[in-house]
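The values are calculated or read from the model by the stated rules, or taken from the named source; none is laboratory data. Not measured: the values here are computed from a predicted model. All Cβ positions, glycine included, derive from the backbone under ideal geometry; neighbour counts span all protein chains shown. The area values use the complete protein model at the heavy-atom level, side chains included, leaving out ligands, DNA and RNA. Shrake-Rupley method; radii C 1.70, N 1.55, O 1.52, S 1.80 Å.
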Amino acid sequence: MSLQPRPEISSLKAGVHGGINYAELAALGIEPCEVLDFSVCVNPYMPPPGIKRAMQAVNITQYPDPQATELREKLAGKLGVSPQNIIAGNGTTELIRLAALAYLQTGDTVIIVEPTYDDYEIAGRMMGARIIRYRAKDSLTPSITDITELIKQQQPKAIFLCNPNNPTGKYLSQDDITAILRCLGDGILVLDEAYISFVEKTWASIALITKGNVLLLRSMTKDYGLAGLRLGYAVAHEEIIAILHRVCPPWNVNVIAQKVGVMVLEKEDPLQKSKQKLQQARQYLVQNLTRLGLPPLPSDANFFLVNAGKAAVLRQKLLRHGILVRDCASFGLPEYVRLAPRTLSECCRFIKTLETILKNS
Ligand SMILES: Cc1ncc(COP(=O)(O)O)c(C=O)c1O
């Protein structure tokens with residue numbers, strides 16, 4: 001065909017994500033609703049009661065508020081910032097794209113600390129940026145000294161950091177991020193905190209937005225079990241937010257997502273209780289995986305990596321029993337699967353299934 005996209009797009013590959021592959025399930029004759037999905041870190045105790053009924057009352061015949069005003073006001077109150085410091089997105093992933101669209105151009109240098117979420121590289125490549133990857137020798141423990149050296153050498157326009165990191169669960173400290181920012185100059189730090197709610201001891205990253213070159217990303221799809229609805233937000237200096245609004249498609253967050261977003265923020269109690277239950281489920285998984293000779297790697301988040309030898313084979317075997325785990329080959333970790341806890345009874349089913357598979361192999 002003579003019609004060609006921009007060269008950056010011709011060479012672009014689709015990202016690899018956890019979650020259900022609908023075509024794969026159809027080929028195996030499994031219904032998506034039958035699958036227990038341990039491959040994504042989405043709160044299984046959410047959304048709180050009453051939300052599904054309230055969704056039915058939403059008027060879908062009118063366009064949504066393009067500014068998502070009520071949602072941004074609620075978030076601002078919760079975070080102690082102004083609504084001008086917030087933009088809502090159709091999931092965090094949309095905001096990663098908007099950041100790249102607004103700030104990157106051909107030839108800009110972008111640093112990505114790997115292994116990590118695919119979409120940073122995709123967003124950078126789309127804009128023609130030059131991607132510099134940093135990866136620790138053990139893939140798990142990044143050296144802040146090495147990263148700051150790299151920043152000084154490369155003077156990037158942007159650095160993408162995932163904190164806690166997907167898939168390792170490593171959570172960088174305030175000192176680590178301060179050291180990185182100190183040498184970043186005029187570049188932007190995109191700090192993806194999609195999983196921050198699942199870290200036990202966090203530090204107050206919101207204060208970083210006064211620096212004027214930090215974009216914090218948060219995901220409501222994970223905290224509140226809204227992965228299918230899609231909802232995320234970014235927090236930053238108001239000039240950055242104004243720029244992101246300029247490149248944001250109109251009505252990017254639909255009426256149902258806006259309404260549900262406001263409602264869940266008014267029900268913080270169920271979220272706190274669900275976190276305690278998730279901690280118990282996580283402990284159960286860690287203890288039993290260790291008992292079965294598959295001890296998880298330490299993680300500051302509630303998801304973790306398990307060395308399964310041939311991870312793709314284990315994933316396939318579990319899937320035939322209706323259980324999904326994340327094969328980490330796309331992260332360059334082909335021996336590992338990533339798991340996030342579900343409810344305690346679902347974790348019990350997972351462990352029983354795994355025991356049967358291990359006995360028969
Ligand atoms: C690090 C990271 N950021 C963002 C996302 C996407 O979140 P959302 O569902 O809010 O788009 C994911 C999803 O897997 C992720 O792992």
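Tabulated results
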item	result
From the options 56, 84, residue that is in contact (Cβ under 8 Å) with a residue 12 or more places away in the chain and more than 16 Å from the ligand (Cβ to nearest atom)	84
Pairs with Cβ under 7 Å, 6+ apart, first in the stretch 282-309 and modelled with pLDDT under 95, second of a type in the set (Gly, Ala, Ser) and surrounded by 14 or more Cβ atoms within 10 Å (Cβ to Cβ)	302/340
Residues within the stretch 38-57 that are assigned to a loop (DSSP other than H, G, I, E, B) and surrounded by fewer than 16 Cβ atoms within 10 Å (Cβ to Cβ), tallied	3
Residue within the stretch 17-30 that is of a type in the set (Gly, Ala, Ser), modelled with pLDDT of 95 or more, in a loop (DSSP other than H, G, I, E, B) and within 14 Å of the ligand (Cβ to nearest atom) present	no
Filtered residue count, the stretch 297-318, keeping only those that are in contact with a Phe, Trp or Tyr (Cβ under 7 Å, 6 or more places away or on another chain) and not in a loop (DSSP other than H, G, I, E, B)	4
Filter pass, residue 151 being assigned to a helix (DSSP H, G or I), within 16 Å of the ligand (Cβ to nearest atom) and in contact with a helix residue (DSSP H, G or I) (Cβ under 9 Å, 6 or more places away or on another chain)	no
Unmet criterion (only one of (1) aliphatic (A, V, I, L, M); (2) surrounded by fewer than 22 Cβ atoms within 10 Å (Cβ to Cβ); (3) more than 8 Å from the ligand (Cβ to nearest atom)) for residue 227	(3)
Enumerated helices (runs of 4 or more DSSP H) restricted to the stretch 228-296, each holding at least 3 residues that are basic (Lys, Arg)	268-291
Counted residues, the stretch 191-224 - those being open to solvent by 10 Å² or more (accessible area, probe 1.4 Å), touching a Lys or Arg at 6+ places or on another chain (Cβ under 8 Å) and of a type in the set (Val, Ile, Thr)	1
Pairs, first touching a residue at least 60 places away in the same chain (Cβ under 8 Å) in the stretch 230-249, second within 16 Å of the ligand (Cβ to nearest atom) and of a type in the set (Phe, Trp, Tyr), C-beta under 8 Å, six or more apart	231/224
Given (1) within 14 Å of the ligand (Cβ to nearest atom); (2) within 22 Å of residue 252 (Cβ to Cβ), number of the condition residue 43 does not satisfy	(2)
Residue that is surrounded by the fewest Cβ atoms within 10 Å (Cβ to Cβ), among those in the stretch 318-361 that are in contact with a Cys (Cβ under 7 Å, 6 or more places away or on another chain) and among the hydrophobic types (A, V, I, L, M, F, W, C)	337
Condition broken by residue 295, with the remaining ones in (1) in the same structural domain as residue 77 (by TED's automatic domain parsing); (2) open to solvent by 50 Å² or more (accessible area, probe 1.4 Å) satisfied	(1)
Test: residue in the stretch 106-114 that is outside any helix (DSSP H, G or I), in contact with a Ser or Thr (Cβ under 9 Å, 6 or more places away or on another chain) and of a type in the set (D, E, K, R)	yes
Residues located in the stretch 230-251, provided they are crowded, with 18+ Cβ neighbours inside 10 Å and either within 22 Å of the chain's Cα centre (by Cα) or within 16 Å of the ligand (Cβ to nearest atom) (or both)	230, 231, 232, 233, 234, 235, 236, 237, 240, 241, 244, 248
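Per-residue answers, yes or no, for (1) under 26 Å from residue 306 (Cα atoms); (2) buried (at least 22 other Cβ atoms within 10 Å of the Cβ):
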{"site": "66", "(1), (2)": "no, no"}
{"site": "75", "(1), (2)": "no, yes"}
{"site": "78", "(1), (2)": "no, no"}
{"site": "98", "(1), (2)": "no, yes"}
{"site": "133", "(1), (2)": "yes, no"}
{"site": "156", "(1), (2)": "no, yes"}
{"site": "160", "(1), (2)": "yes, yes"}
{"site": "163", "(1), (2)": "yes, yes"}
{"site": "168", "(1), (2)": "yes, yes"}
